[in-house]
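The values are calculated or read from the model by the stated rules, or taken from the named source; none is laboratory data. Since the model is a prediction, treat every value here as computed from it, not as a measurement. Glycine gets a Cβ as well: all are built from the backbone with ideal geometry, and neighbour counts include every protein chain shown. The protein model used for the area step is the full one, side chains on, heavy atoms only, and it has no ligands, DNA or RNA in it. Shrake-Rupley method; radii C 1.70, N 1.55, O 1.52, S 1.80 Å.
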Amino acid sequence: MKAHPLPSDPQALTVAADGQKLTRRSVLGAMAALPALVHPSLQAQDAAPLKIGQSIALSGPLGELGQAMHQGAKACFTAVNAKGGVAGRPIELVALDDGYDVKRALANVKSLIEDRSNFALFNCMGTPMIEAMLPQVIESGIPFFAPFTGALLARPKDVRNVFNIRASYADEAEQLVQHLATIGIKRIAIAYQNNSFGKEVFEATQRSMARHQLTAVATVTVENNASDAGAASAKLVAANPEAVLLGLAGKPTIDFVKATRALRKGLPLYALSIMGSAATIKALGDDATGIAVSQVVPLPGNTIVPMVREFQQAWKAAGVTLEPSHLALEGYINARVFTEALRRTGRNPSRSSFIDSTWALKRYDLGGFEVSFSDSAKGASRFVELTMVGRDGRFIR
């Protein structure tokens, strides 16, 4: 029997090559009898990688931070893909380096939003960059998952497509100030980066100090390239503080701390989590010893925590040459939460269904670290603990 071409209009009455008439019913019957011709293409689509995009500093003054975060997330997705992905689809993380530059970050995000194959924006980095990109992100409706900043400006109210995980800089500042107030330290100085990240930390610290009836004895700013770190350090040390709160990250941290240690060796220094990359600690050497750092994830070497054990296994399996760090663990956690939200979305996820499933994540325990999405103005985690850099350059509690 000859094969008959299917009509472009099934409602039409068509005459086949052998003179037989094909009715709409016979056409539909023929289509149903040929599942092998349709099903493979659907399977191929189902198995296609789910692409997510990331604008992050892989180079530049904060490149070490971005590398750690990116590698942590990548280690998680590699482990997930090795087990078949999510609903049979691997996750492909596409990272675009912005060098911690706002213009480059905006161009990166614009291209990722315009790319129809890109499902979501994941773990984009930096307070100045996120402040600049948020308007177009919110307007686009694309899922904006786990931006790497603790700034309140990244936590807009009543926005469906923005999902923060980490505790805020205000949460970290409160923990540090409360600790200093508890141990009786009153002469506190503040050094912060001269950008929106640093200003956010400064303002959060000021609010916490006011609640504890404390006033800063000196405040100084440091440029992103650390060109004025020495002068800022000299001005601050001249005020004779009992402790210094640092709203710095990357190279500004290194240059400022080294200058301060040279002027006053034993001055207690307190920093936020963003300071504590392995590369920063290594660059500081002995000058890092004794710095207190607030952390928004558990110690990356505390394998008593099940989630940390899984991170260590994924990190080793991925063959990453970097030292495991808090920042790498944070990237891993963000990827774990993303994967769980995607898993709950089911097969063939849409952006809207992913957004719904993420908001439905309540009291989700990754194994010693819990997240709960409730409000776009809040982080899904409130975890903050104080650590200190030991003599071997490792964090201790």
ask   = Among Thr215, Thr127, Thr387, whose mean-square fluctuation peaks in a Gaussian network model of the chain (Cα, cutoff 10 Å)?
value = Thr215
inquiry  = For region 155-265, what does the relative contact order come out to in percent, with C-alpha contacts under 8 Å and a separation of six or more?
reply    = 29 percent
Size of region 43-111 as Cα extents on the principal axes (Å, biggest first) = 42, 24, 10
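Can you sort Ser325, Ser374 by solvent-accessible area, 1.4 Å probe, largest first?
Details: Ser325 10, Ser374 80 Å².
Solvent-accessible surface, decreasing: Ser374, Ser325.
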request  = Excluding residues fewer than 8 places away in the same chain, name every one of the aspartates and glutamates whose C-alpha is closer than 18 Å to that of Lys235.
outcome  = Glu223, Asp255
note = Among Gly88, Val102, Pro61, the residue whose Cα sits farthest towards the positive end of the charge dipole of region 59-131, when +1 is placed on the Cβ of each Lys and Arg and -1 on the Cβ of each Asp and Glu, is Gly88
note = Across 5 Å bins beginning at 0, the whole-percent shares of Cα-Cα pair distances in region 129-257 come to 2, 11, 19, 18, 17, 14, 9, 6, 3, 1
task = Skip the ligands, DNA and RNA, and give the accessible area per residue of the chain with a 1.4 Å probe, whole Å².
result = 45 Å²
message = Can you tell me which of Asp375, Asp101, Asp115 moves the most in a GNM of the chain? Springs connect C-alpha atoms under 10 Å apart.
response = Asp115
note = In whole angstrom, the spacing between the Cα centers of region 361-397 and region 187-223 equals 23 Å
ask   = Going by accessible area, probe 1.4 Å, with all protein chains left in place, what is the ranking of Leu327, Leu214, largest first?
value = Leu214, Leu327
task = Leaving ligands, DNA and RNA out of it, work out the accessible area of Val102 with a 1.4 Å probe and give it in Å² to the nearest 10.
result = 50 Å²
ask   = Between Leu96 and residues 5 or more places away or on another chain, which pairs have amide H atoms under 5 Å apart, with H built 1.01 Å from N, and which residues are they?
value = Gln54, Ser55, Ile56
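Can you give the Rg/Rh ratio of region 116-188, where Rg is from the C-alpha atoms and Rh is the Kirkwood radius? Intermediate values should be presented prior to the final figure.
Numbers: Rg = 15.9 Å, Rh = 13.8 Å.
Result: Rg/Rh = 1.15.
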ask   = From the phi of every residue in region 124-129, what ³J(HN,Hα) in whole Hz does the Karplus formula 6.51 cos²θ - 1.76 cosθ + 1.60 yield, where θ is phi - 60° and glycine or proline is x?
value = 5, 10, x, 4, x, 5
inquiry  = For region 214-300, compute the orientation-averaged projected area of the C-alpha convex hull (one quarter of its surface), in nm².
reply    = 5.8 nm²
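Would you work out if region 65-104 is rounded, prolate or oblate? Take a ≥ b ≥ c from the square roots of the eigenvalues of the alpha-carbon gyration tensor; rounded if a/c is under 1.5, else prolate when a/b is larger than b/c, oblate otherwise.
Values: a/c = 5.49, a/b = 2.27, b/c = 2.41.
Judged from the Cα gyration tensor, region 65-104 comes out oblate (a/c at least 1.5, b/c at or above a/b).
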Accessible surface of the chain [probe 1.4 Å, protein heavy atoms]: carbon and sulfur percent = 53 percent
ask   = For region 205-360, what does the equivalent ellipsoid look like in terms of its semi-axes, each the square root of 5 times an eigenvalue of the Cα gyration tensor, given largest first in whole Å?
value = 37, 20, 14
ask   = Using the Karplus equation 6.51 cos²θ - 1.76 cosθ + 1.60 (θ = phi - 60°), what ³J(HN,Hα) coupling, rounded to whole Hz, does each residue of region 341-353 give in order, writing x for Gly and Pro?
value = 4, 5, 4, 6, 6, x, 6, 6, x, 9, 4, 5, 6
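In debye, nearest 20: dipole of the chain around its Cα centre with unit charges on the Cβ of K, R (+) and D, E (-)?
Values: 42 positive and 34 negative charges, 131 e Å.
Using only the charged Cβ atoms, the result is roughly 620 debye.
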key: region 271-301-region 48-71 distance, computed between alpha-carbon centres (Å)   = 20 Å
inquiry  = Just to check, using Stokes-Einstein with a Kirkwood Rh over alpha carbon pairs, what's the diffusion coefficient of region 276-397 at 20 °C and 1.002 mPa s in µm²/s?
reply    = 135 µm²/s
message = Rounded to the nearest 10 Å², what accessible area does Thr303 have for a 1.4 Å probe in the complete protein model?
response = 70 Å²
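Assuming 1.567 mPa s and 4 °C, estimate D for the chain with Stokes-Einstein, Rh taken as the Kirkwood radius over Cα pairs, in µm²/s.
Values: Rh = 23.0 Å.
Roughly 56 µm²/s, to the nearest whole number.
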key: Arg397 versus Ala48: modelled label distance in nm, points set 7 Å from Cα along the beta carbon direction   = 4.6 nm
key: Exposure of Glu340 as accessible area (Å², to 10), given a probe of 1.4 Å and all protein chains   = 20 Å²
query = Considering only Gly285, Ile142, Gly250, whose Cα is most displaced toward the positive end of the charge dipole of the chain, charges sitting on Cβ of Lys, Arg (+1) and Asp, Glu (-1)?
reply = Ile142
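So for region 57-160, considering every pair of alpha-carbon atoms, how many percent are separated by more than 23 Å?
Details: 1510 of 5356 pairs.
Summing the P(r) of region 57-160 above 23 Å gives 28 percent of all pairs.
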ask   = What chymotrypsin sites (Phe, Trp or Tyr not before Pro) in region 359-397 are in a loop by DSSP, with at most 10 other Cβ atoms within 10 Å of the Cβ?
value = none
Highest-MSF residue in the chain out of Glu385, Glu174, Glu139 [GNM, Cα springs under 10 Å] = Glu139
